[in-house]
Amino acid sequence: MGQSASTLIIGPTGETMLIDTGDFRTDGDHVLSYLKEHDIERIDHLVVTHNDADHIGGNAAVIEYLETEGEGVGAVYDPGIAASTQTYEAYLDAVEEYDVTLYEVREGDDLPFEGIETRVLGPPDPYLDVDSRNENGIVLHLAFGETSFLHTGDAEERQEEYLVNEYGESLNATVYKTGHHGSDSSSSNELLDLVSPEVAVISSAYDSQYGHPHEVVLERFAERSIPTYWTATHGTVVMETNGSAVTVKTQAQAPTDPLAIRDGDPVEPGTSTPLEQRAVITAVGGSVQTVTPTATSTPAITDGGADPGALELVEVHADAEGSDRENLNDEYLVFENTGDTELDLSGWTIEDAADHVYTVPEGTMLKPGAQITVHTGSGSDTATDLYWGASAPVWNNGGDTVTVRTEDETIVLQEEYN
């Protein structure tokens, strides 16, 4: 979203975390629009990585909106180094005016995010340099199942060196939110070797006055064959995980080769272009399947000889008992293999008409005549039951469309129900 940063995380139980709120020049407009568009009325955890104006620009506006028109802010987490800006003062005034709980955070502190293993890796105590906000920002490592995400804020050389020495291989993550907008002061070789991400996301402006992302960083990514998404050319980047795979969606289709990302066309912040699925990343083994759009909906025969068309949708239970939101696992789909050959469903996707996508875990096999149930909520996958891990109901009680695709995006099933 331009030369700024903001990341929204929705946990498996519906808890929300907002990391930073964008640039002061937009005063939170883009962030607020996104929250409203996705019916986010409460932020349980507002994390301020550091108090630079391109990260806290919307703090005051977001707090005011949620406290006056939504369901409030649970708590604010701040690294504790002040800034002498009007943006910073407005943020603190909003915290005081609406009596929002404010925690000063250090590494090792507890940040309870239900269903997500959350580790606070920074800032160190004592600070590395009391005058540097970048080097003493909040660093988070978030894990769900086999997938994980590392967010280092604007950490530069000193804090990255500290992270490398202190945490070593535990920095490993499926997704790396590129430090400091892709600056060459961050994303060191030593850090990247330990994080070993399967995908990276860069948030910076297309015509950044600082030249972000810097070529040396892109070269480091290219050397490690890390697919890279840049908000300047991909627009909004959304990643959904079921604990075993990460599905990547963006507004625009653009190069992900780190050395070619500048070949993409710019996407203006705030653009409302719909998201489309671009890739599926398997956490275990690290394989990345790039989605190639296809116009055909004719089932194909797989290399193993099994007929994907043998998969049938035998039941849609869209209306859970009681409150749908509070009983997500009673919202489910039941599929059956009606063929005479075992189906390998690994990497297949199931989606609704609103582009909510679930990726079937690797190793999911369906024997002839067997059924498998996909529950909307969270749980431990078995041979007969899978769990989407969604934080809200997916299937519309009044009617929806169920679409199932193979890994190569071939549609094998598409059914409407009323």
Percentage of interatomic Cα-Cα distances in segment 1-56 larger than 20 Å
19 percent
Other residues with Cβ under 13 Å from the Cβ of TYR127 give, with Lys and Arg +1 and Asp and Glu -1, a net charge of -3
Could you state the orientation-averaged shadow area of the convex hull built on the Cα atoms of the chain, in nm² to one decimal?
19.9 nm²
Compute the separation of the alpha-carbon centres of segment 349-418 and segment 117-187 and state it in Å as a whole number.
35 Å
Quick one: dipole size for segment 1-143, taken about the Cα centre, charges +1 on Lys/Arg Cβ and -1 on Asp/Glu Cβ, in debye to the nearest 20.
380 debye
In percent, how large is the relative contact order of segment 359-418, given Cα pairs closer than 8 Å and 6 or more residues apart?
20 percent
Tell me, what are the semi-axes, in whole angstrom and largest first, of the equivalent ellipsoid of segment 1-157 as set by the roots of 5 times the Cα gyration tensor eigenvalues?
21, 20, 14
In percent, how large is the relative contact order of segment 102-218, given Cα pairs closer than 8 Å and 6 or more residues apart?
18 percent
Can you give the relative contact order of the chain as a percent, counting alpha carbon pairs under 8 Å and 6+ residues apart?
11 percent
How large is the direction-averaged shadow of the alpha-carbon convex hull of segment 182-249, in nm²?
4.9 nm²
Gyration tensor over alpha-carbon atoms, segment 308-362, equivalent ellipsoid semi-axes in Å:
24, 14, 10
Based on the Kirkwood radius over alpha-carbon pairs, what value in µm²/s does the Stokes-Einstein equation return for the translational diffusion coefficient of segment 122-263 at 25 °C and 0.890 mPa s?
161 µm²/s
Antiparallel %, DSSP beta bridges [both residues in the chain], to 5
70 percent
Reachable aspartates and glutamates from LYS249, criterion Cα separation under 12 angstrom, eight or more residues apart if same chain:
GLU240, GLU276, ASP355
Starting from the exponent 0.38 and prefactor 2.2 Å, build the expected Rg for segment 306-406 from its residue count and divide its actual Cα Rg by it.
1.02
Sorted peptide list for 113-119, 404-410, criterion being average Cβ within 10 angstrom, highest first
404-410, 113-119
Taking Rh as the Kirkwood radius computed over alpha-carbon pairs of segment 370-416 and applying Stokes-Einstein at 4 °C with viscosity 1.567 mPa s, one gets a diffusion coefficient in µm² s⁻¹ of 105 µm²/s
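Values in this text are rule-based calculations from the coordinates and carry no lab data. Since we're looking at a predicted model, the values are computed, not measured. When we count neighbours, we look across all protein chains shown, and the Cβ atoms used for this are built from the backbone with ideal geometry, even at glycine.
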